[in-house]
Amino acid sequence: MNPRDLQKIAYTIEQFLNAAGLPDDAARTAVEEKIVKRLASGGKDDYVVFNGGGLYCYQSGKMRESLPANGATATQPIWSNGREISALDTDAWQGGGKLVMLGAAGLALGSAAALGATPKNGKDKERNSNNNNNNNNNNNNNNG
């Protein structure tokens, strides 16, 4: 796995744990590292779910490891595959383990980057920066 993909997974899992309300301490860091390593080395069908004060790591639809989520404050189940984050329908998940995604709206996320909204390459970043500069210049010309 290339460093950029690993960084993206680490950032997404950090946001996932923030949404779950885990305190930022040494225990969280150890759990975060385990989840990132698992998702980085696993397949595209691997994911983690926060539910009821625990973190549950799945591989090909089967729960493989449970991790503590001590001090977590979220009450709704939350899912992540290391690339995206979504709230889960509580009844569907707790009633039968069905993944019914509700999206990330309402989750306390620090950035749209956790949802896969990062520019695809350097040219996209540059184009976006240029657009912002042009907008700023236009605003200055119109106001001054």
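Readers should treat all values here as calculations from the given coordinates under stated rules, not as data from a laboratory. Values in this document were obtained by computation on a predicted structure and should not be read as measured data. Here Cβ is always computed from backbone atoms with ideal geometry, including for glycine, and neighbour counts include all displayed protein chains.
Taking the simple approach of a point 7 Å from Cα along Cα-to-Cβ for both Ala40 and Thr73, what is their distance in nm?
For the pair Ala40/Thr73, the computed spacing is 2.9 nm.
Report the label-to-label distance for Arg83 and Glu33 in nanometres (one decimal), using points 7 Å from each Cα along the Cα→Cβ vector.
2.7 nm
Taking θ as phi - 60°, what are the ³J(HN,Hα) couplings along the range 78-91 by the Karplus curve (6.51, -1.76, 1.60), each to the nearest whole Hz, with x for Gly and Pro?
Karplus values, whole Hz, x for Gly and Pro: 10, 10, 8, 10, x, 10, 9, 10, 8, 6, 10, 5, 4, 5.
What are the semi-axes of the equivalent ellipsoid for the range 1-99, taken as the square roots of 5 times the Cα gyration tensor eigenvalues, largest first, in whole Å?
Whole-Å semi-axes of the equivalent ellipsoid: 19, 16, 11.
How much length is gained if the chain between Asp91 and Arg4 is pulled fully straight, taking 0.36 nm per residue apart and subtracting their Cα-Cα distance, in nm to one decimal? Don't skip to the answer; put the middle values down first.
Details: separation 87, 0.36 × 87 = 31.32 nm, distance 3.59 nm.
Between Asp91 and Arg4, full extension yields an extra 27.7 nm.
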